[in-house]
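The block underneath contains the structure these notes are about, expressed in structure tokens.
The values are calculated or read from the model by the stated rules, or taken from the named source; none is laboratory data. What you see is a predicted model; the values in this text were computed from it and never measured. Ideal geometry is used to build each Cβ from the backbone, glycine not excepted, and the neighbour counts take in all protein chains shown. Note: accessible area is taken over every heavy atom of the protein model, side chains too, but ligands, DNA and RNA are not part of it. Shrake-Rupley method; radii C 1.70, N 1.55, O 1.52, S 1.80 Å.
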Amino acid sequence: MPKSKYYVVWQGKKPGIYLSWTDCLAQTKGVKDARFKAFDNRQQAEEAFARSYKDYIVKKNTRQGPPKASARDLRRFPEIVLNSLSVDAACAGNPGVMEYRGVETGTGRQLFIRKFEEGTNNIGEFLALVHGLALLKKHGSQSPVYSDSRIAINWVLRDKRCKTNLKPNARNEALFKAIAGAEQWLRENRFTNDIRKWETKKWGEIPADFGRK
């Protein structure tokens, strides 16, 4: 009897883990840039689905994007404030498993990280910014915060809320609790930290980048 496979669909009609090639094909056929891969057992499949497809699939296109900036590289740009916080998010699918984190810009030292079962990249960028601002306020720091997401910056500075179209469900309950908490923090707190747009094309990837481009 042939060994069964588990098929992870990161990007398709409905991302998930499927038990047959027929089911996998039904979710990916006709989908532009569909991302999927077969695994030998469920544990491997579940671990893969919780991460980015870029960790498992080798791209045929070898053209590289901007490299992640190191502290030494950043010193070439005097306009960058090294004593600052950089935040970023990564999402495996849209929606999909989402992570965000914050690091010291000058050293790359990670200060916080959170992961959610279902979310979007824009939500992650928003939550990362608010998390960073709250952390800086807690420690009485006036350091600026860098983000490479213009959408998230606008949500924080202009809208004071997360303007996502994602609908609440059982998988993203924890995410929407985090969103509510972030929006409440913005309503109840004032901050003077400068939020700055990270210029990726000029400086390379933001130091908080997850390295899954």
- Calculated FRET value between Arg42 and Asn94, using beta carbons and R₀ = 35 Å, to 0.05: 0.90
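May I ask you to order 11-24, 108-121 by the average number of other C-beta atoms within 10 Å around their residues, highest value first? Intermediate results must be reported in sequence, preceding the final value.
Numbers: 11-24: 15.9, 108-121: 17.8.
The densest-packed peptide leads the list: 108-121, 11-24.
Run through the DSSP bridge list for the chain and note the antiparallel percent, rounded to the nearest 5.
80 percent
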- Note on the structure: With bins of 10 Å, the percent of all Cα-Cα pairs of the chain per bin from 0 is 8, 31, 31, 20, 8, 1, 0
- Item | Assigned charges on the beta-carbon of Lys, Arg, Asp, Glu; the chain dipole about Cα centre (debye) | 440 debye
- Note on the structure: Expected sort for 174-180, 131-137 on mean C-beta neighbours within 10 Å, highest first, is 131-137, 174-180
- Over all viewing directions the Cα convex hull of the stretch 104-213 casts an average projected area in nm² of 7.3 nm²
- Taking a threshold of 27 Å on the Cα-Cα distance, which of the pairs Lys37/Lys202; Lys137/Lys177; Lys32/Lys197; Lys115/Lys167; Lys137/Lys202; Lys115/Lys137 fall above it? Lys37/Lys202; Lys32/Lys197; Lys137/Lys202
- Task: Report, by chain and number, residues whose modeled amide H sits under 5 Å from the one on Arg196, excluding near sequence neighbours (fewer than 5 apart, same chain).
- Result: Val145, Tyr146, Ser147
- Query: How much of the accessible area of the chain, in percent, comes from carbon and sulfur atoms when a 1.4 Å probe is used?
  - Reply: 48 percent
- Go through the stretch 143-157 residue by residue and turn each phi into a ³J(HN,Hα) via Karplus (6.51, -1.76, 1.60, θ = phi - 60°); whole Hz please, and just put x for glycine and proline. 4, x, 10, 9, 9, 9, 10, 5, 4, 5, 4, 5, 4, 6, 7
- Item | For Phe36, residues with placed amide H under 5 Å, excluding near neighbours | Trp10
- Message: Let me check against my output: what whole-number percent is the relative contact order of the chain, with C-alpha pairs under 8 Å and at least 6 apart?
- Response: 20 percent
- Dipole magnitude (debye, nearest 20) for the stretch 103-213, charges at Cβ of Lys, Arg, Asp, Glu: 180 debye
- Note on the structure: In nanometres, the difference between 0.36 nm per residue of separation and the alpha-carbon distance of Glu79 and Glu188 is 36.1 nm
- Message: With just the Cα atoms defining each centre, how far is the stretch 155-201 from the stretch 1-56? Give it in Å.
- Response: 31 Å
